[in-house]
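Heads up, the thing below is written out as structure tokens.
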Amino acid sequence: MKAYFKDLKAKHAGKKNTYIFMFVMLCIPILFFCVFNVGVKLNSVLLSLKQYDRGDYTFWGFGNFKQVFYDLSNNYEVKAATKNSIIFYGVNMLIILPLSVFTSYFIYKKIPGAEIFKIMCYLPQMVSAIVITLMFKYLVDKLLPKLYVAMGQQAPNVFYDETKLGVMIVYNIWVGIGANIILSLGAMSRIPDQLIEVGELEGISLWKEFWQITFPLIFPTITVFIVTGVAGLFTSQAHVYNFYGDFAPEDIGTLGYFMFVKVIGENSTPASYPYASAFGVLFTLVAAPITLIIKYVLEKYGPEAEF
Amino acid sequence: MKKKTLNSFFSIFFFVLLILYCISLICPFIWTFITSLKQRLEYISNPFGLPKKWLFSNYVDVFDALSVSINGVKEIKLPQLFFNGLSYAFISAIIHVFTNCIVAYVVSKYPGKIANIIYTFVVVNMILPVVGTLAAELQIMNTLRFYDNMLGIYLMKIGFGGTNFLIFYATFKSVSWTYAEAAFVDGASHFKVFFAIMIPMVVPTFFALSLMQFITYWNDWQASLMYFPSTPTVAYALHTFQFPGAGGKTTGVPYIMAGCILVSMPIIIIFLIFRNKIMGSVSIGGLKG
Amino acid sequence: MKKRLISIVTVLILAVSLLCGTAGCKKNKDDGKEHIYFGCYEGGWGREWLDQSIAKFEQMYPQYKVDVHYAKSYDSTSLLEKIDMIDQDIFYGGLDLYSYLDQNKLMDITDVVTTPLNEYLADSKIPVTETKTIASKMWGDMKDYVTSYDGKFYNVPFGGGFYSLNYDVGLFDQKQFFLDKNGNWCSMSGDLSVGQDGVAGTYDDGLPVTYAEFLKLLDRMKKRNVIPFTWSSINGYSQHFLHACSVAQDGVDAFNTFKHMNGEYTFAGDSEPTKITPANAYLLRNSIGKKDALQFAYDICKKGYYDSQAGGASMDYLTAQDTYLMSMENAKTQKNVYPIAFFIDGGHWHNEAKVSMDMMAEMSDEYKNRKFGVMPFPWFEDALATKSTYFMSSPNSSLHIKKDAKQAEGAKKLLAYLNSDEALITCTKTCGNIRFMNYEMSSDDLKVMPYYYQTAWQALKASDICYNLCDNPYIYKNCSYFDEMGWEWSCVTSDGKTLNNPLNQFKDKSMSSLTVSDYMVALLNTGKEDWKKIYSGEN
């Protein structure tokens, strides 16, 4: 940060003109940032302390929070959503992220067909989620029961019976692999060639090269993925809304889905805004320290790379 | 770098895995395309085989049938939906990327307290997740009359932060300031330096990010649902299209699949044309710094 | 080169956007006529009923031109928000009447409804002879409801979906699923039993009367490689279907006790009747009919009397209809595929499936003139009903004119004509469905209708009909609760699980321990909770 404190005067002629320029360039973006970023967040906190009563929001203290705590321990849907959010977060961090990084690595190493792999893996990111969802839904809902029957088992109602969580996990992995590919590739491509050439001269395998050279060097980028990913634990809908709209079976939703439907769903009303906001505020209080701890741990104990 | 040969169990295993994964990605598209050419009853009796008759006419029909009805009394047809989607994605992308470009430029090239505060804000914003603000956002939008108002929606894109900001920040950091100094000596204003010298230098990044942002907005079917229901986009239309209305001739799974292909085609074409721009510019320029 | 490519693509995108934008605008031609704008929900009733009547209306009143806007969805609440800003004068769709009237958005049409039609339409170029008023034709409780606000008329009830066991007559005939007078299985040409109405020569001849007979039929189906049931992923249809089953057991008297929240009901296991009042009407969530309908769903699911795709995510109602219709053909050509006997959906399904039926008729001659029929719900042993009883959904569907309609006069004339006997008959003839009005169809009229709608007409004329509306404010103020989700099957179990569709829940393996009595307990407990809001007027 210190690096940024430099004397403006030395760099730019005319202090007044500089300030005018900065003012003109920044005033509108900062205004909107204040309203739609800072303002929205503050409003969220305020809203969480209010209740809706015949067209008006009135101060209610911690009533919404009480309800949230009550639901977290008693409401089946919220409990299931909490469980599912943790499952999907785990899948994201332990399966999707490693697969995504490995895939990027292979593309970066220009294995045979790398160019095609690159395009293919990016396909689910490029095409609208609604298209991918529809394709997957119609195909799997037809195909999977046939496979069950072929194996002599009773065909399930894929997206409603006990199979649903498994199918949603597979779907998330399936579309998620390409998600970080552009930034991972970016991080890898800035590794200086001479570092790799050393490895190549020694004839080490791809596997070893990855762990010894590439991984430590791209670790800062991976840190970014992991750190920003914590919020996903509380915000990710894990594509549930895409598949089910407002009416997902209650044991498949995530916390992100639950909050979204409370605000956007067909049966939502302004009366549910404070409750949803209280959920958000509470989760922020949980997510923020987790994020900071993870960041701290990764920075302290992760591999160090200088180049 | 040399092309790499596969020389270990791990690499061969993962290579095979990748091939299988790619097949799993391409198969649904092929199935979707084939299904989109079937007659609707044929889809019931033969969901996985080739169509007896290849009904390309389904695409003509779906062009007419893909629509969104608003308040039950106004029907938005496909051309208008395409227009809504295009204008939303195009204008939003330009505004969003341009704002990030300006702010990142000032922050990277005019260091000082203000720049420092902004940079810190952006980083904190990325690291500290504040979740569940949708309700609060909608409430503010309603107060400002931005809800369901395209002008308001576009104004809201004047935000900065996130990876786009960081990418621009890094890009500007790597651009030499020598040209600017020379221009200042010649009496150029700060605005002239920015628009005439600096912007042209980051055109590839600007273009790549705009394109990626365009794709994101084009695909974002929930935006219409959340913020501007009266101006549905084509992606949102596809979401509603899966719930059939009355049993007309142009309903059924083959038509939904044709809709999928219609909606994704423009993006696939744009991506294939510009893929090196997107994947090259962002990765190389983006994270240097 | 690259720069040029980029600019070309940008220009192209802009050009396409502009072209698309202008193509989206259409303007009406100036034909010297006064235009009446009609906003019409295009549901399972299709368009023909309205198109034909409008053609006639335009002959009667050549000075008018009716522009219909068909919409696939119709949301009463969002229409209310925007109604001042849109062109339409007259609407057909679901109506939350009281919220429109509270905001003074509907035109008073008492004169249209209470003037004899020949007088009201006296200026027609084609003379109108009908001397009845529209009000005199409305179903009793419907009329009480629509006038309950201030005694005036602001809308005319339209029509909803009726629920029965929709069955494939051809398949029943071919597989000998009918019962003869001696209780033996036979084809349609056999000496058929008289059915639930006890009268020979009617629509229910040869069909099971009791649930025990019905179970035997299902068992026979399974033995003869026929799958009894399929249904779509749309919960509403399965919910209404099972509710109809429950209503058919309880009968119209018990239904009216519930609807007016006034009367007595003897619950299962009780020796004395319970007095039903608005304070305790939720108890009827545990009526005998509810228990029987749950048992019905339980048996279908636990005994595997359903198609493997039933209720699946990709089974939207049209795909479900197609699956049902095509099962006959697929059974012939594919292994492990069997014909399906019953299809769970509202009565509009047959009209909705017309396109598919036409396609199948082109496929093979044997699918020309396929017959489907309406079967009354069989009675459980403890059923209270003594007459076949059918349930109709969507009681709030209606025709209405907005308060400041630009073409008020024309819209009122059109509304009057659409409720004349002639238009009512045209409606039923073209789409088979029945309006919430008293009118007669001649045998000639009936002959042109598909067999399914002939049986439906007979069934409804000869039976008791139940629908969730009357002048009871607890009912009409909570219309969506009673008719959509809510009252019928939505509830929460003691361990917090939400149940909403017995047909899906009983076949879900992850809920394999759920029993009928668990469901009943959940219905009652949740009903009691819901009632706190409904009875206190919070909802």
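In angstrom, the C-alpha Rg and Dmax of segment A:64-301 are 20.9, 67. Note on segment C:183-259: percent of Cα-Cα distances in each 5 Å bin, starting at 0 and stopping at the bin with the largest distance, equals 3, 12, 15, 19, 20, 17, 9, 4, 1. Label zone (A:F62, point 7 Å along Cα-to-C-beta; backbone nitrogen cut-off 19 Å) within segment A:252-278: A:274-278. The charge dipole of chain A, taken about the Cα centre with unit charges on the Cβ atoms of Lys, Arg (+1) and Asp, Glu (-1), comes to about 940 debye, rounded to the nearest 20. Net charge in the neighbourhood of C:Y467 (other residues with Cβ under 9 Å of its Cβ; Lys, Arg +1, Asp, Glu -1) is -1. For chain B, the longest principal axis of the C-alpha atoms and the axis of helix B:113-127 are separated by about 30°. Altogether, the Stokes-Einstein calculation at 37 °C and 0.692 mPa s, with the Kirkwood radius of segment C:26-103 over Cα pairs as Rh, returns a diffusion coefficient of 235 µm²/s. Using r as the Cβ-Cβ distance of C:M188 and C:K335, and R0 as 30 Å, what FRET efficiency do you calculate, to the nearest 0.05? In this case the efficiency is close to 0.55.
Annotation: Cα Rg of the protein assembly as shown relative to the compact-globule expectation 2.2 N^0.38 Å equals 1.02. A full extension of the chain between C:T202 and C:T131 corresponds to an added length of 22.4 nm, given 0.36 nm per residue minus the alpha carbon distance. For segment C:330-427, the list of trypsin sites (Lys or Arg not before Pro) that fall in a loop by DSSP and count at most 10 other C-beta atoms within 10 angstrom reads C:K335. Spin-label pair C:E366-A:N267: with each label point 7 Å from Cα along the Cα-Cβ axis, the two points sit 4.6 nm from one another.
For segment C:64-187, the Kirkwood hydrodynamic radius from C-alpha pairs, put into Stokes-Einstein at 4 °C and a viscosity of 1.567 mPa s, yields a diffusion coefficient of 69 µm² per second. Considering segment C:110-240, its Cα convex hull presents a mean projected area of 13.3 nm².
Taking the convex hull of the alpha carbon atoms in chain C, what volume per residue do you get, in Å³?
Once divided by residue count, the hull of chain C is 214 Å³.
Model label points for A:M151 and A:V198, set 7 angstrom from Cα along the Cα-to-Cβ axis, are 4.9 nm apart. Comparing Cα centroids, segment C:462-521 and segment C:191-219 end up 28 angstrom apart.
If both residues of a DSSP beta bridge must be in chain C, then about 55% of such bridges are antiparallel.
Ranked by how many other Cβ atoms sit within 10 Å of their own Cβ, fewest first, the residues B:S92, A:S128 fall in the order B:S92, A:S128.
Along the Cα-to-C-beta direction of C:D31, a point sits 7 Å from the Cα; which residues of segment C:403-440 have their amide N less than 20 Å from that point? Correct set: C:406-415, C:417-418. Along chain A, the longest continuous region that contains none of the GluC sites (Glu not before Pro) in a DSSP loop with at most 12 other C-beta atoms within 10 Å is A:1-265. Suppose a student asked you for the relative contact order of chain A, using Cα pairs under 8 Å spaced at least 6 residues apart; what percent would you report? Once divided by the residue count of chain A, the mean separation gives 27 percent. Spread over its residues, the convex hull of the C-alpha atoms of segment C:403-538 is 199 Å³ per residue.
Just checking the output field for B:254-267: average partner chain Cβ neighbours within 10 Å of each residue's Cβ?
Mean partner-chain Cβ count within 10 Å for B:254-267: 3.
Residues A:M168, C:M85 in ascending order of nearby Cβ atoms (within 10 Å, fewest first): C:M85, A:M168. Rg then Dmax, both in Å and based on the Cα atoms of segment A:226-307: 16.5, 55. Loop-located GluC sites (Glu not before Pro) in segment C:430-539 (DSSP state not H, G, I, E or B) with no more than 11 neighbouring Cβ atoms inside 10 Å: C:E440, C:E538. Loop-resident trypsin sites (Lys or Arg not before Pro) (DSSP state other than H, G, I, E or B) in segment A:107-156 with no more than 15 further Cβ atoms inside 10 Å of their Cβ: A:K110.
Hydrodynamic estimate: the Kirkwood radius of segment A:151-215 over Cα pairs, inserted into Stokes-Einstein at 4 °C and 1.567 mPa s, corresponds to D of 83 µm²/s.
With a 10 Å cut-off around each Cβ of A:74-86, the average count of Cβ atoms from other chains is 1. In percent, rounded to a whole number, the relative contact order of chain C is 22, using alpha-carbon pairs under 8 Å and six or more apart. The simple spin-label model puts a point 7 Å past each Cα toward its Cβ; for A:V286 and C:T110 those points are separated by 5.9 nm.
Taking Cβ atoms as reference points and 10 Å as the exclusive limit, the residues near C:T455 contribute a net charge of 0, counting Lys and Arg as +1 and Asp and Glu as -1. With helices as the sole contributors, chain C gives -12500 deg cm²/dmol at 222 nm; each DSSP H run of n ≥ 4 counts as -39500 (n - 2.57), and the sum is divided by every residue. Using only the Cα atoms of segment B:9-286, each taken as one equal point scatterer with no solvent, compute I(q) by the Debye sum, divide by I(0), and report log10 of the ratio at q = 0.09, 0.14, 0.16 Å⁻¹. For the requested q values the scattering log ratios are -0.60, -1.12, -1.26.
Separation of the alpha carbons by more than 18 angstrom is noted, of C:K82/C:K105; B:K38/C:K332; A:K109/A:K208; B:K38/B:K77; C:K125/C:K152, for B:K38/C:K332; B:K38/B:K77; C:K125/C:K152.
Quick note: the coordinates plus some simple rules give every number you see, no bench work behind them. Computed from a predicted model, the values in this text were never measured in an experiment. As a convention, Cβ positions derive from the backbone with ideal geometry for all residues, glycine included, and neighbour counts pool all protein chains shown.
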